[in-house]
Amino acid sequence: MSLGLLVVGAPRGAAADVEALLARLPPALPVPVALVLHRGPFDALAAPLGRGCPFPVVEPDDKDDLVPGRVHLAPAGYHLLVDRGTVVLSVEPPEHGCRPAIDALLESAADSYGASAAGLLFTGHEDGVAGLARLQARGGQVATVGEAEAGLEGGVEHLAPAEVDAWLGRLLHAPRGRVVP
Amino acid sequence: MSGGASGAALESLEADLLLEGVARHWGFDLRSHARPLLLRRLRRHLREERLASFSALQARVLHDAQALESLLRALSCAEPTLFTDAAFFRDFRARVVPVLRTWPSVRVWHVGCGTGEDTHALAILLHEEGLWGRCRLYASDACEGVLADARTGVVPLPDAAAARRYEESGGRGRLASWYTRDGDWAQLRPELRDGIFFTQHNLATDGSFNEFQVIVCRDVLLAFNRSLHNRAHTRLHESLARFGYLCLGRKESLSRTPQVAAYEELEGSGRIFRRVT
């Protein structure tokens, strides 16, 4: 199945790695990116993350469209969810002490995109592990960056930061399924 | 189809049947709610009720009004703190209150009041600004259960963070002077409680019930999908007097609604709009 969405989750400690990843994304990215980075209520994140990134990093409003070639960053104080091309924000209670929470995004991506979503989790926090497992169970391509995380096994690729580009490249250039007449 | 994917399809089907059942039997139509949000809250509710599937929940909800009530309660998720978003109250004081002072009477509608914390915060603000005498504050929610909580005027005891937010919001006294402590709870002063009209109203299905000069509807429409979201905005527009104020959540916009041209956003305010046509 061809890729429809890239979801990225990262704890606060991985902020620099996320910035580096965004800076290296291919300029003609054909899919939307949804990103949860753990943050406090007042962090200004979109501007610093957008500096090195070849395309816009926005904090979307509720019900905005997911646009290819744009990074949709979870706003402070809201969970970021996705629903078939649309952003859904939520003020449900924090999960693992975090709002935005990574699990919330990954779970919604698993529900509405399933096998056409790819999930990348920067490890170092329990948040995101359950969501990544769910996305994997629904057929999505998943990988982790950083230390191996307990609770994830079988089919989850562990990448070194330098390998992320190659992983993305593989996903984006996967041959399309044959068209059934 | 892999095991996970077929499980997902089955869960989705069960969710549809549950929503269909609730709509047809109880008249509560949740089918136009934002799907990912609804699924998350339903799953959390399942875990709390120790049920294995949406079908099990359906069987219970269809036969038991209490179970429906607790389901609806699980779907509403207002935060149980006073002055949750200090920036909103600060902007409201600075930008809206001066105009309200020039009007002889003001009807305020707080939509989706949940258990009433924000309603009481709004009442405190209006009281401090000397507007309480000519304000009528209506607060509504779709769920009768949470309204019953709201009517008591009892909220969890505000902590130091709440007191700080109250100050940031421009509070003119001490937050503690607005309630009496009862263990871990705070009983708000009766003059606040007695001036608020709590009423059941479902924005998704019920019509407009009055004309208001101020409508506060913050983070309520997040729960709706795009088409219901737009219908709800039509309802809000019908219910708002010309030159009245519509207060939305920090990340809610009118840009995709049919009413976008009918409002002007107050510059520098966190999503406070004025109806111009």
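The values are calculated or read from the model by the stated rules, or taken from the named source; none is laboratory data. In this text the structure is predicted, and so the values were computed from the model without any measurement. Using ideal geometry, Cβ is built from the backbone for each residue, glycine included, and neighbour counts are taken over all protein chains shown. Quick note on the areas: whole protein, heavy atoms, side chains included, nothing else; ligands and nucleic acids left out. Shrake-Rupley method; radii C 1.70, N 1.55, O 1.52, S 1.80 Å.
Pairs please, first residue from region B:166-184 and within 16 Å of residue B:155 (Cβ to Cβ), second anywhere and outside any helix (DSSP H, G or I) and of a type in the set (A, V, I, L, M), Cβ atoms under 6 Å, 6+ apart in sequence or on different chains.
Qualifying pairs under 6 Å: B:179/B:186; B:179/B:188; B:184/B:157.
Being buried (at least 23 other Cβ atoms within 10 Å of the Cβ) and either β-branched (Val, Ile, Thr) or under 16 Å from residue A:61 (Cα atoms) (or both), is that true of even one residue in region B:255-271?
Checked against the condition, which is being buried (at least 23 other Cβ atoms within 10 Å of the Cβ) and either β-branched (Val, Ile, Thr) or under 16 Å from residue A:61 (Cα atoms) (or both), region B:255-271 yields no hits at all.
Go through region A:38-66 and give me each residue that's of a type in the set (Val, Ile, Thr) and surrounded by fewer than 17 Cβ atoms within 10 Å (Cβ to Cβ).
A:58
Please determine, by comparing only the residues of region A:45-79 that are among the small types (Gly, Ala, Ser) and under 15 Å from residue B:251 (Cβ atoms), which one is farthest from the other protein chains (Cβ to nearest Cβ). Give the derivation first.
Applying the first criterion (among the small types (Gly, Ala, Ser)) to region A:45-79 yields A:46-47, A:50, A:52, A:69, A:74, A:76-77.
Within this subset, residues satisfying the condition of being under 15 Å from residue B:251 (Cβ atoms) are A:46, A:74, A:76-77.
On the way: A:46: 13, A:74: 10, A:76: 9, A:77: 7 Å.
Per the stated criteria, the residue is A:46.
Can you spot a residue in region B:75-85 that is part of a helix (DSSP H, G or I), of a type outside the set (Asp, Glu) and either modelled with pLDDT of 90 or more or surrounded by fewer than 16 Cβ atoms within 10 Å (Cβ to Cβ) (or both)?
Scanning region B:75-85, I find no residue that is part of a helix (DSSP H, G or I), of a type outside the set (Asp, Glu) and either modelled with pLDDT of 90 or more or surrounded by fewer than 16 Cβ atoms within 10 Å (Cβ to Cβ) (or both), so the answer is no.
Counting just the residues of region A:80-90 that are open to solvent by 20 Å² or more (accessible area, probe 1.4 Å) and facing another protein chain (nearest Cβ under 7 Å), which one comes out nearest to residue A:111 (Cα to Cα)?
A:83
Go through region A:104-117 and give me each residue that's more than 8 Å from chain B (Cβ to nearest Cβ) and surrounded by 24 or more Cβ atoms within 10 Å (Cβ to Cβ).
Across region A:104-117, the qualifying residues are A:105, A:106, A:109, A:113, A:117.
Out of the residues in region B:240-264 that are in a strand (DSSP E or B) and among the charged types (D, E, K, R), which is farthest from the other protein chains (Cβ to nearest Cβ)?
That would be B:242.
Go through (1) without any contact (Cβ under 8 Å) to a residue 60 or more places away in the chain; (2) open to solvent by 10 Å² or more (accessible area, probe 1.4 Å); (3) of a type outside the set (Ser, Thr, Tyr) for residue B:61 and report which single condition fails.
Tallying (1) without any contact (Cβ under 8 Å) to a residue 60 or more places away in the chain; (2) open to solvent by 10 Å² or more (accessible area, probe 1.4 Å); (3) of a type outside the set (Ser, Thr, Tyr), residue B:61 fails exactly one: (2).
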